[in-house]
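**Q** Handing you this structure, nothing more for now.
The values are calculated or read from the model by the stated rules, or taken from the named source; none is laboratory data. No experiment lies behind these values; they were computed from the predicted model shown. Glycine also receives a Cβ, built like all others from the backbone with ideal geometry; neighbour counts cover every protein chain displayed.
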Amino acid sequence: MTLSYGVRAEPVLDSLDLCVAAGEHLAVVGPSGIGKSTLTRLVAGTLAPSGGEIRVAGRSVTACAVADLTALRVLVPQEAYVFSGTVGDNLAYLRPDATGADLDATVRALGLRSLVARLGGLDGPVRPGELSPAERQLIALARAYLSPAPLLLLDEATCHLDPAAEAQAEEALARRPGTLLVVAHRLSSAVRADRVLVLDGVQAVCGKHEEVLARSSLYRDLTGHWNDGSHREA
Ligand SMILES: Nc1ncnc2c1ncn2[C@@H]1O[C@H](COP(=O)(O)OP(=O)(O)O)[C@@H](O)[C@H]1O
Ligand SMILES: [Mg+2]
């Protein structure tokens, strides 16, 4: 598929052809402004391609009704959304029939126990303004974990977590049945994935971490940049 934001604009993604297997874990990397978020919005069906087609679980996402899209995929953006309500309401938002045991397992898997305890348990109130960006991200990730959708898209959705919390959350999300597409914020996210997609504006390179290291000079540059610690959020 191809995506241009205007009829005369240069395409952000040009004839990208990508197939992600059911259950696969794909990391997407590339410099800022290259089209990673655009790709997640296209796959999520919230942005229509200028040409070509995107199918999730065999269904063309542009042709899907909103309710059907919700059942197919969850997109967790960088700025997590939480709402006023209980912790349990926030976690079960995409899975209203979740049992207490489901919620407890999710809290454990994602590393939310101390946060949930501090908020007064699953019945404790969430006041969005009183949570840190990292705490909001953990709640959004736990909500996505519980969703029955077969595809999860994380767009730098762990950027406020420390590396250990990010690893715990990402590993839990990767163990969840279903397909995981992660716009990576750190090299460790790319190394954990089954395959890495490098977007560099000219051509996309996709393969296992070692293959992509060999084939993409941009990936070698990015991994060098990540390794020397210069890739830090403000
Ligand atoms: N809604 C939009 N309208 C016009 N241009 C956009 C829009 N969203 C993103 N872009 C442009 O598309 C390019 C890719 O953006 P984006 O997908 O956000 O990159 P990334 O997530 O890799 O940083 C950038 O040049 C950006 O300025
Ligand atoms: Mg982005």
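**Q** Sort out which residues of the stretch 184-220 are out of contact with any Ser or Thr (no Cβ under 6 Å at 6 or more places or on another chain) and either of a type in the set (Asp, Glu) or part of a strand (DSSP E or B) (or both), and write them in order of number.
**A** Asp194, Arg195, Val196, Leu197, Leu199, Asp200, Ala204, Cys206, Gly207, Glu210, Glu211
Listed here are the residues, each with its yes/no results for (1) within 16 Å of ligand 2 (Cβ to nearest atom); (2) in contact (Cβ under 8 Å) with a residue 60 or more places away in the chain; (3) closer than 20 Å to Ala165 by Cβ.
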| position | (1), (2), (3) |
| --- | --- |
| Leu39 | yes, yes, no |
| Val56 | no, yes, no |
| Thr62 | no, no, no |
| Thr70 | no, yes, no |
| Thr86 | no, no, no |
| Leu112 | no, no, yes |
| Val126 | no, no, yes |
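The rows are residues; the columns are (1) among the aliphatic types (A, V, I, L, M); (2) surrounded by 20 or more Cβ atoms within 10 Å (Cβ to Cβ); (3) at pLDDT 95 or above; (4) in contact with a Cys (Cβ under 8 Å, 6 or more places away or on another chain).
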| position | (1), (2), (3), (4) |
| --- | --- |
| Glu79 | no, no, no, no |
| Phe83 | no, no, yes, no |
| Ala101 | yes, no, yes, no |
| Ala109 | yes, no, yes, no |
| Leu115 | yes, no, yes, no |
| Glu156 | no, yes, yes, no |
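**Q** For Thr70, state whether it is at pLDDT below 95 and either away from ligand 1 (no atom under 16 Å from the Cβ) or part of a loop (DSSP other than H, G, I, E, B) (or both).
**A** Yes; evaluated as a whole, the condition is true for this residue.
**Q** Still on this model: Can you tell me which residue among Gly229, Gly224 is modelled with pLDDT under 95 and more than 28 Å from Leu16 (Cβ to Cβ)?
**A** Only one candidate passes the filter, namely Gly229.
**Q** Just to be sure before I move on: is Ser32 within 16 Å of ligand 2 (Cβ to nearest atom) and either surrounded by fewer than 18 Cβ atoms within 10 Å (Cβ to Cβ) or over 17 Å from the mean Cα position of the chain (by Cα) (or both) in the structure I sent?
**A** Yes, satisfied.
**Q** Of the residues in the stretch 180-189, how many are of a type outside the set (S, T, N, Q), modelled with pLDDT under 95 and more than 15 Å from ligand 2 (Cβ to nearest atom)?
**A** Total meeting the criteria: 1.
**Q** Run down Pro49, Pro11 and say which single residue is touching a residue at least 40 places away in the same chain (Cβ under 8 Å), assigned to a loop (DSSP other than H, G, I, E, B) and either crowded, with 21+ Cβ neighbours inside 10 Å or not small (Gly, Ala, Ser) (or both).
**A** When all the criteria are applied, what remains is Pro49.
**Q** Out of curiosity, is Arg95 closer than 20 Å to Gly178 by Cβ, in contact with a helix residue (DSSP H, G or I) (Cβ under 9 Å, 6 or more places away or on another chain) and basic (Lys, Arg)?
**A** In short, yes.
**Q** Looking at the stretch 198-208, can you tell me whether even one residue there is buried (at least 22 other Cβ atoms within 10 Å of the Cβ) and not aromatic (Phe, Trp, Tyr)?
**A** Yes.
**Q** Further question: Across the stretch 73-98, what is the number of residues that are assigned to a helix (DSSP H, G or I) and at positive phi?
**A** 0
**Q** Might you check whether a residue that is outside any loop (DSSP other than H, G, I, E, B) and either within 16 Å of ligand 1 (Cβ to nearest atom) or closer than 18 Å to Ala169 by Cα (or both) occurs anywhere in the stretch 15-25?
**A** Checked the stretch 15-25: at least one residue is outside any loop (DSSP other than H, G, I, E, B) and either within 16 Å of ligand 1 (Cβ to nearest atom) or closer than 18 Å to Ala169 by Cα (or both).
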